[in-house]
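Working notes, structure below.
The values are calculated or read from the model by the stated rules, or taken from the named source; none is laboratory data. Predicted model only: the values in this text are computed from it and were never measured. Quick reminder, even Gly has a Cβ in these numbers, built from the backbone with ideal geometry, and neighbours come from all protein chains shown. What goes into the accessible areas is simple: the full protein's heavy atoms, side chains included, and nothing from ligands, DNA or RNA. Shrake-Rupley method; radii C 1.70, N 1.55, O 1.52, S 1.80 Å.
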Amino acid sequence: MGAETASNHVTFLYASQTGNAETISHQLYATSVQHGHPSSCHSLDSYPAASLPTLHRAVFVVSTTGDGDPPDNALKFWRTLRKTLKNKEKPLGNLRYALLGLGDTNYSNFCNTAVRLDAMLEEAGATAFYPKGLADDATGLEDVVEPWIEGLWDALAKEVAGSSAEREVEETKPDAVDTADKAGTADKAGTADTADVDGAAAAVEALSIAPAHQRLVVDYSALAQLQKLSGAPKPPASICAITPLDTPAAAANSSSATLPPWHASLASSEHPDAFTRPFVARLGSAVRLTESAAAKRTLLLTIHPPPPPADADADADTARSSCRAGDAINIYAPNSAALVAALLRRLDCAKGDQPVRLSALDERITLPPHLQRFSSSTASAHYSLRQILLWAVDLTLAPRKQTLRALADCCTDAADRDRLLFLCSRQGAAQFDAVRRQAANIVDVLGAFPSCHVTAARLLDLLPPLQPRAYSVCNAAGDERWQVAFNVAEYALEIADPFAAAEEGMVVVRRRGVCTPWLEELAGQGSAAEVLVARRAGQFHLREREARPVVMVGPGTGVAPFVGFLEQRALEMQQAGGTPLGSAWLFFGCRSPTLDYLFHDRISSWLQQGVLSRLSLCFSRDTEARTSMGADVYVQDAVRRYAEELGRLMVEEEAVVFVCGDAKGMGPDVNLALADVLCQYAAAHTDARQRLGVVREGGGEALSRAEALEVLMCWAAEKRYLRDLWA
Ligand code: NAP
């Protein structure tokens, strides 16, 4: 850390859940080094927060996940910073910082991590040297990210003394692209910065539509009328180099195909917290929870963590064996083998299994962690390009504008180049949106631009890290096996086809998620495959022997943690000789009781035994069942219907309310419904306002929705209202 305390050093710190913030932060760091600023880059958790007081200059890029929570790789930092703030007055008085937040206004608490971090830094005495940027994925992150980055270099140049900085500011002026200037840049075609794995300038093979690849449906007709394009981002810095090696396949290459090849050399320093350290577990059976006619295929998968070794230290022991109800686990899955094969074909790489050396083009730059794992200088640990593409980068996420901009520079055909520039320009916003809505992966994009000769190394610069996928467990603590329930992410999208005749104007594109189809396939092979898993630290827990009333709202797979809660309560009831605990009320919703009522038998049996005191069911697509069973459409309808009883539990009996499931629609909808419950209860019961602690000058009993929402937020802070919301 020593060099980081130098007054001209810039430290880039990121908190990233899906890899976007990490990619942006690393690109900024690499550009900063190229601008001549001594720089370093860390995830927030890998940076010792205790060293922050010695830093002079930091650039934070942080995203927000779930219900406005910090990403997993920022949790430890967050706790330490809070403690530091408690113990010391203005501990970060030396620090000057810039802050970029990534969020999505479709979810509640937009950019909450960035907003809270900004407030905490300010409280700690740090000073912002550049206005913070809050980017919205709902309208396109680039709209804020790109201008923010452009301005950052200027601000940083002023911050850091030295003439080199001045010079670089000139180089990063926003670009306007002249569509008439078509020929000039095509020759760059990925030659300047990277070596292709085959070492040859690729003659791109005729595009064969692989099963993993889908046609892109985009209407470019507006491009013909445009003279100039503006607002296109700068292509990201080139970081990676790939050199083919003649050495035989490394030992790591022969390891299990279901484990990331680097797992055996995973350093405990990378995961100092024993609770979240990855380890190898064995897959058990998968049981289908939905009927074959249901819209979604939901599986209940059993995972067997290994028994702790005899000499394991106590921490590791606890971490491996225990998983509390409400916890989630991360599963490390590779990209689909078919998608990787299609990409290798598209890159014209016939030797995808040949070992390569992955390194940084500029020796002053450290590769980001997801690539560093594949960049060992030890010959015994060289990996093939196929392994790198399987495990290092996410091939399924829709490409960012910066990626399209960089791909434009690799096109030999002016028409391809122009279309790519159009897609990442202000004028092509609607077309870019169409690409995103089609959830196009990188192979789809390359398929649409046959003259794009991007190299494998350049792609590694551009693609985000492949992150493990998280799933809630649905078992109670002490269970030696873990169970997770998930929908297999395979879906079809209907896209309007601008080229089709009016009567057949829609095309269907099929998409596949990374992890769930893979898990389904492995479980189907029945060979007890090994997978790398890690526990996720969380707070969505039911207290032991909770005496307060418990309200649980969880439609679809959102019910998973509540199955664990009810298991826990069944055990506790048994231990108490059958005496029921406080009341427990579950709101569950699905489409139809005959198709996708998950855990039906267990829920019915818990209701009978008194483990569950009340059950409210909602069937969104089965009118007959709704009528015959007196059910509602959505869980928020049921919450509103039972406003009086729920209001009494929440206001008079201090019920603890849990909500789990979709962060975009259900979470905010249920939040509003709960606020309405409080308003309705306050309107019907004098003194309810006082009991809620809402005092207003001028009196009056009514509670406004805004006040009710504030009450809910207070309860969330007191952990009386807990939400586990998934994007
Ligand atoms: P789902 O099957 O899509 O939907 C379950 C029910 O919720 C359906 O009846 C659906 O109705 C309804 N619904 C749709 N929009 C709603 C809204 N705005 N408010 C209330 N209900 C609504 O559910 P799912 O796919 O399992 O999704 C649950 C969510 O929980 C997902 O986002 C999932 O990622 C997340 N989750 C995941 C895990 C995990 O371990 N991976 C754990 C917990 C939760 P219609 O579709 O008929 O309108």
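The set of residues from the stretch 240-264 being modelled with pLDDT of 75 or more and open to solvent by 70 Å² or more (accessible area, probe 1.4 Å) comprises ASP246, ALA257, ALA264.
Out of ASP687, ASP676, ASP669, report the one residue that is surrounded by fewer than 21 Cβ atoms within 10 Å (Cβ to Cβ), in contact with a Lys or Arg (Cβ under 8 Å, 6 or more places away or on another chain) and of a type in the set (Asp, Glu). Before the answer, list the steps.
Values: ASP687 fails: in contact with a Lys or Arg (Cβ under 8 Å, 6 or more places away or on another chain); ASP669 fails: in contact with a Lys or Arg (Cβ under 8 Å, 6 or more places away or on another chain).
None of the other options fit; the residue is ASP676.
Restricting to the stretch 406-417, what's the tally of residues that are under 19 Å from GLU142 (Cα atoms) and crowded, with 24+ Cβ neighbours inside 10 Å? It would help to see each step written out before you state the result.
Of the stretch 406-417, the ones under 19 Å from GLU142 (Cα atoms) are 406-409.
Now drop any that are not crowded, with 24+ Cβ neighbours inside 10 Å, which leaves 406-408.
Qualifying residue count, the stretch 406-417: 3.
If the condition is being out of contact with any strand residue (DSSP E or B) (no Cβ under 7 Å at 6 or more places or on another chain) and either hydrophobic (A, V, I, L, M, F, W, C) or more than 19 Å from LEU81 (Cβ to Cβ) (or both), then the stretch 91-106 contributes LEU92, ASN106.
Condition check: at pLDDT 95 or above and surrounded by 19 or more Cβ atoms within 10 Å (Cβ to Cβ). Does VAL633 satisfy that?
In short, no.
Residue count for the stretch 605-630 under the criterion of being among the hydrophobic types (A, V, I, L, M, F, W, C), within 24 Å of ARG297 (Cα to Cα) and open to solvent by 50 Å² or more (accessible area, probe 1.4 Å): the result is 0.
Just for strands (runs of 3 or more DSSP E) wholly inside the stretch 498-589: which have at least 2 residues that are on the phi < 0 side of the Ramachandran plot, surrounded by fewer than 20 Cβ atoms within 10 Å (Cβ to Cβ) and among the charged types (D, E, K, R)? Outline the logic, then answer.
Working: elements: 506-512, 530-536, 550-553.
Qualifying strands (runs of 3 or more DSSP E): 506-512, 530-536.
Looking only at residues of the stretch 44-68 that are out of contact with any Pro (no Cβ under 9 Å at 6 or more places or on another chain) and in a strand (DSSP E or B), we find that the one that is farthest from ASP662 (Cα to Cα) is ARG57.
Of the helices (runs of 4 or more DSSP H) entirely within the stretch 609-727, those holding at least 3 residues that are more than 13 Å from the ligand (Cβ to nearest atom) occupy 623-629, 643-651, 666-684, 688-692, 705-717.
Given the structure, is PRO450 farther than 22 Å from ASN335 by Cα, open to solvent by 30 Å² or more (accessible area, probe 1.4 Å), out of contact with any Lys or Arg (no Cβ under 6 Å at 6 or more places or on another chain) and in contact (Cβ under 8 Å) with a residue 60 or more places away in the chain? Considered against the rule, which asks whether it is farther than 22 Å from ASN335 by Cα, open to solvent by 30 Å² or more (accessible area, probe 1.4 Å), out of contact with any Lys or Arg (no Cβ under 6 Å at 6 or more places or on another chain) and in contact (Cβ under 8 Å) with a residue 60 or more places away in the chain, PRO450 comes out as yes. Within the stretch 583-608, if we keep just the residues that are within 16 Å of ALA631 (Cα to Cα) and out of contact with any strand residue (DSSP E or B) (no Cβ under 9 Å at 6 or more places or on another chain), the residue that is nearest to the ligand (Cβ to nearest atom) turns out to be LEU595.
Could you check the stretch 111-131 and list, in sequence order, the residues that are buried (at least 19 other Cβ atoms within 10 Å of the Cβ) and in a loop (DSSP other than H, G, I, E, B)? Even if it seems obvious, please write down each step before you answer.
First pass over the stretch 111-131, keeping only residues buried (at least 19 other Cβ atoms within 10 Å of the Cβ): 111-115, 117-118, 121, 124, 126, 130.
Scanning the stretch 111-131 gives CYS111, ALA124, ALA126, TYR130.
Quick one: is ARG602 closer than 23 Å to LEU301 by Cβ, open to solvent by 20 Å² or more (accessible area, probe 1.4 Å), modelled with pLDDT of 95 or more and touching a helix residue (DSSP H, G or I) at 6+ places or on another chain (Cβ under 7 Å)?
Numbers: closer than 23 Å to LEU301 by Cβ: yes; open to solvent by 20 Å² or more (accessible area, probe 1.4 Å): yes; modelled with pLDDT of 95 or more: yes; touching a helix residue (DSSP H, G or I) at 6+ places or on another chain (Cβ under 7 Å): yes.
Spelling it out, ARG602 is indeed closer than 23 Å to LEU301 by Cβ, open to solvent by 20 Å² or more (accessible area, probe 1.4 Å), modelled with pLDDT of 95 or more and touching a helix residue (DSSP H, G or I) at 6+ places or on another chain (Cβ under 7 Å).
Which residues, taken from the stretch 467-505, are of a type in the set (Ser, Thr, Tyr) and at pLDDT 90 or above? Step through it out loud before you land on a result.
Narrowing the stretch 467-505 to residues of a type in the set (Ser, Thr, Tyr): 471-472, 491.
Of everything in the stretch 467-505, those that are of a type in the set (Ser, Thr, Tyr) and at pLDDT 90 or above turn out to be TYR471, SER472.
So, in the stretch 524-582, of the ones that are hydrophobic (A, V, I, L, M, F, W, C) and touching an Asp or Glu at 6+ places or on another chain (Cβ under 7 Å), which residue ends up nearest to the ligand (Cβ to nearest atom)? Only one residue tops the list, namely PHE540.
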